[in-house]
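Have a look at the structure below, then the notes.
Nothing in this text is a laboratory measurement; each read-out follows from the coordinates by a stated rule. Because the structure is a prediction, the values reported are computed rather than measured. No Cβ is skipped: glycine too gets one built from the backbone with ideal geometry, and neighbour counts run over all protein chains shown.
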Amino acid sequence: MTTQLSDLESQLATLKQDAQQTVADANSLEELEQLRLKYLGKKGSLSQVLGGMGKLDAAERPRIGALANEVKEAVQAALDQRRSALQAAKIEAQLESETLDVTMPGVYRPQGHTHPLTSTIERAIDIFVGLGYTVAEGPEMETDYYNFEALNTPADHPARDMADTFYLPDGNLLRTHTSSVQIRYMENNEPPIRIVAPGRVYRRDTVDATHTAVFHQIEILAVDEGLTFTDLKGTIKVFLEAMFGECPIRFRPSFFPFTEPSAEVDLQWRGRWLEVMGCGMVDPNVLKAVGYDPEVYTGFAAGFGVERLAQVLHQLDDIRRLYNSDLRFLRQF
Ligand code: DAH
């Protein structure tokens, strides 16, 4: 045996041992690929060792060739084995990290809910819808005609005063009540009608505990043959009881240009009478304005402030709380 031969043999043996050791210690698939290149690649250790074969006798070459093959296979086997082990470990780790423990306490996320004004409106509407009423709406920017004129409110009526009404530069105005919806609806529909009309209204009021410049009203209107003040009273009573439960109410004679007779309704709250709505029998002039024959039809109407109802419903001392978006307040409802 020549020295070169035994030299090559021992180099191959070292290579094999070395490779098997480092491959077994590899910690990632990337590292493993580096090792494959290092040992078995074109410019890897095995090729380098085999480069020395040129110096061997032709007779000795097959022996080294066979040995080299065996080393190559052994290193390849080590690589394969380690690769499967690393891949299995990787899947294991992934499964582990993606496991969902359904018994763990969840993360609390605060949930929004309906604003007390909205829920008051919804509650009132539900009651009237239950009584056969249909929801109607109208614009917040109104003409003088719908807000006043057609509602039998003469030009010299104090409600038309600049001090009460927001007039717009173009002569229109921001509606001061939802009664304007009565006219718009009657113009486009024939009796019998029963509508409930919620919406925002505007007044030049100084803001205090019971007044805001923008607030909400709900209007109801019923027109049919033979409706009487008794129907109005019954409807209001049923509504207020559905809203607040059994509670003392009283009707007080009052005046509104668009109703005759007119009344205001008070509710007993915290030991005193609180005015909650205006109402009355629709004035014949209003029916005439929309082309209804007042000899055939009669109607009743009512309008009430939503803030006031919410105040009673939720025992609020100051309605401004409904508007300043203080979550400590709003979360209570
Ligand atoms: N529009 C009146 C107001 O804002 C409330 C009102 C009173 C409405 C009597 C009506 C009614 O429909 O009949 O003060």
Cβ-based charge dipole, region 204-332, positive-most Cα from F244, Q315, S262: Q315
Calculated on alpha-carbon atoms, Rg and Dmax of region 3-98 in Å: 16.3, 60
For region 45-89, the fraction of alpha-carbon pairs in successive 5 Å shells from zero, as %: 5, 19, 22, 17, 11, 9, 8, 5, 3, 1
Low-density loop cleavage sites - GluC sites (Glu not before Pro) in region 201-301, where at most 12 other Cβ are within 10 Å (DSSP): E225, E246, E295
Overall Cα dimensions of the chain, principal axis frame, Å, largest first: 134, 45, 39
Gap separating the Cα centres of region 115-132 and region 79-97, nearest whole Å: 62 Å
Selected from N172, F304, A213, residue furthest toward positive end of dipole (the chain; charges at beta carbon): A213
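Taking the Cα centre of the chain as origin and charging only Cβ (+1 Lys, Arg; -1 Asp, Glu), how large is the dipole, in debye to the nearest 20?
Magnitude of the dipole: close to 1480 debye.
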Alpha-carbon centroids, region 279-296 and region 159-188: separation in whole Å: 19 Å
Positive-end extreme of charge dipole, region 20-115 - chosen from G44, V23, A93 (charges on Cβ): G44
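Filter the trypsin sites (Lys or Arg not before Pro) in region 227-324 to those in DSSP coil with at most 14 other Cβ atoms within 10 Å of their Cβ, and list the result. Don't skip to the end; give the middle numbers.
Working: sites: K233, K237, R250, R270, R272, K288, R308, R320, R321; in loops: R270.
Listed in order of number, the matching sites are R270.
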Residue of V290, V23, V107 that the Gaussian network model of the chain assigns the largest fluctuation, springs spanning Cα pairs under 10 Å: V23
Gaussian network model of the chain, Cα within-10 Å springs - most flexible of G51, G291, G245: G51
Backbone HN-Hα couplings from phi across region 132-143 [Karplus 6.51/-1.76/1.60, Hz, Gly and Pro as x]: x, 8, 10, 6, 10, 9, x, x, 7, 8, 10, 9
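Counting Lys and Arg as +1 and Asp and Glu as -1, each charge on the Cβ, what is the dipole of region 3-98 about the Cα centre in debye, to the nearest 20?
Once rounded to the nearest 20, the dipole reads 440 debye.
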